[in-house]
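A quick write-up on the structure given underneath.
The values are calculated or read from the model by the stated rules, or taken from the named source; none is laboratory data. Just so we're clear, the structure is a prediction, and the values are computed from it rather than from any experiment. Cβ placement follows ideal geometry from the backbone for every residue including glycine, while neighbour counts extend to all protein chains displayed. SASA here: full protein model, heavy atoms, side chains in, ligands and nucleic acids out. Shrake-Rupley method; radii C 1.70, N 1.55, O 1.52, S 1.80 Å.
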Amino acid sequence: MHRARPAWLFAVLLLSACATAEPRSSNAYANWLAEKPRTVRIVLDGIAEAPSYSVEWRNVTKGVMDGASFGITLSALAVGGMDKSCESGCADAKLAVIAAAAVIGGLLGGITAPVKILPSQPLEDFETTRPLVPVMQQTREDIIRRAAELFAANLRSKGGHDVSVVAAATPWYEPVDSEITVVASSIGLVGPVPHMRGRASLRIMVEVRARWPGNVHKQRFYYRSEVLDLSQWADRDGEEAGQAARLAFSNLAGRTFTALAKP
């Protein structure tokens, strides 16, 4: 057990380095909503970029080399604390620990190698994804509409607010206490260079602006789906694409409510 401690310590340090904490957003709007039931209008804005495709590239070789190098360095420091009274058997154990650390570091380095996303291009630019343009446009509209409707339902059920959902082009005259503008400013697919049997995930960014007396709060929400074949994305009425859209609007609506309206 004494010999295994440095390797165990090394693994713990590597894994703990991956942990990150998401910063908490301001709850000024939530506190204002919590004072009493409000009238809220959610406006769906149609202004957005054309659907795009982003090529994803991961330098696995560099990640493996960096991870192995880090493992060797960290394990060399760790084995320095082993019992110096031991003789040749201890030296063999030290070499084994360093070798194991290099292998573990290389594996973790390859797995966690940073992904580089090349500048996005319109779906129109790729022959394979060109037929997906109208599909992605309709998917964007569906996701933003359903997310707004679910967000409105949460405001009604959990705060007793009077909420309406309208399109940006719809004329309205009734005054409200607060107005929330929601727009899916970008949507697209991300994956390897697209080809006929390619696989990619849906990525969407939603921008929300909440206005209430004397205040404005702006926030962006990002969502990335599981990977699907391009043929499945093309079939927007299919089970896989439909499930992906449902997960997207449910996730975005829940996060929007938590960020803006949850006390």
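Can you list the chymotrypsin sites (Phe, Trp or Tyr not before Pro) in region 143-194 that are in a DSSP coil and have 16 or fewer other beta carbons within 10 angstrom?
Of the chymotrypsin sites (Phe, Trp or Tyr not before Pro), the ones in loops of region 143-194 whose Cβ has at most 16 other Cβ atoms within 10 Å are W172, Y173.
If packing is taken as the mean number of other Cβ atoms within 10 Å per residue, what is the order of 138-149, 120-131, highest first?
So the peptides 138-149, 120-131, ranked by packing, come out 138-149, 120-131.
In nm, to one decimal, how far is the modelled label at Q243 from the one at I47, with both set 7 Å along Cα→Cβ?
Rounded to a tenth, the inter-label distance reads 3.8 nm.
Excluding residues fewer than 8 places away in the same chain, name every one of the aspartates and glutamates whose C-alpha is closer than 13 Å to that of K116.
K116 reaches E56.
Got a sec? What order do M196, M205, M136 fall in by accessible area at 1.4 Å, biggest, i.e. largest, first?
M196, M205, M136
Give me the net charge of V133's neighbourhood, meaning all other residues with Cβ under 14 Å from the Cβ of V133; Lys, Arg count +1, Asp, Glu -1.
Details: positive: R130, R140, R236; negative: E49, E124, D125, E127, E141.
Net charge in that neighbourhood comes out at -2.
Less than 9 Å Cβ to Cβ from T39, Lys/Arg counted +1 and Asp/Glu -1: what total charge do the surrounding residues give?
On the way: positive: R38, R41; negative: D162, E174, D177.
Local charge sum for T39: -1.
Restricting to DSSP loop positions (anything but H, G, I, E, B) with no more than 10 other Cβ atoms inside 10 Å of their own Cβ, which trypsin sites (Lys or Arg not before Pro) remain in region 162-206? Write down the numbers at each step before the final one.
Values: sites: R197, R199, R203; in loops: R197.
Sites meeting the loop and neighbour criteria: R197.
Tell me, what HN-Hα J-couplings in whole Hz come from the Karplus equation 6.51 cos²θ - 1.76 cosθ + 1.60 at θ = phi - 60° for each residue of region 153-167, using x for Gly and Pro?
Rounded to whole hertz, the list is 4, 5, 5, 5, 6, 9, x, x, 7, 8, 10, 10, 10, 9, 7.
Modelled label-to-label distance, Q121 and S231, 7 Å Cα→beta-carbon offset: nm?
Calculated label separation equals 2.4 nm.
If S157, S201, S164 are ordered by their accessible area, calculated over protein heavy atoms with a 1.4 Å probe, which sequence runs from highest to lowest?
The most accessible residue leads, giving S157, S164, S201.
How far apart, in nm, are two points set 7 Å out from the Cα along the Cα-to-Cβ line at H195 and at S164?
5.4
Over 18 Å apart: what share of the alpha carbon pairs of region 132-263 falls there, rounded to a whole percent?
The share of Cα pairs beyond 18 Å in region 132-263 comes to 57 percent.
Grab the Cα-Cα distance for W172 and S157, subtract it from 0.36 nm times how many residues apart they are, and report the gain in nm with one decimal.
Length gained between W172 and S157: 3.0 nm.
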